[in-house]
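Reviewing the structure listed below.
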Amino acid sequence: MISGIQGNMNVSADMMAQMRDKMFARTDANGDGQINKAEMEDFAAHMAERTGKSMNVDDIIAAADSDGDGLISKTEFGAMRPPKPPANLASMFTYQPNAQTESADDMTGVLLDLLS
């Protein structure tokens with residue numbers, strides 16, 4: 001759980017696993033337990049709309065696909081690591097929860113909103 005946001009965020013391993021599972025399920029549109037290129041392209045397009053940054057889907061799949069089948073399994077997805085954030089990330093924004101729908105202890109909803 002997040003104990004507070006004061007220059008850094010402490011997110012439990014369980015919370016990270018839950019977020020990763022939800023992200024995998026949302027990306028795996030057909031629910032077959034694998035993320036194919038079309039699903040990754042849809043995810044990349046959605047993220048580009050939200051962030052203004054494009055992703056190279058072929059590079060993502062090549063980096064994550066450890067067994068070479070052209071698909072990303074849940075295990076491979078779980079092993080993926082996001083790019084390292086800048087050292088001054090915490091000073092770049094201030095999180096203010098919406099008092100009606102969330103608290104600082106529930107970042108899952110905030111992070112998943114980025115995917116919706």
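Just so it is clear, none of the values below were taken in a lab; they were calculated from the coordinates. Because the structure is a prediction, the values reported are computed rather than measured. So basically every Cβ, Gly included, is an ideal-geometry build from the backbone, and we count neighbours across all protein chains shown.
For residue 26 and residue 59, the FRET efficiency from 1/(1 + (r/R0)^6), where r spans their Cβ atoms and R0 equals 30 Å, is about 0.90.
Between residue 73 and 35, the built amide H atoms are under 5 Å apart, and every one of these is 5 or more places off in sequence or on another chain.
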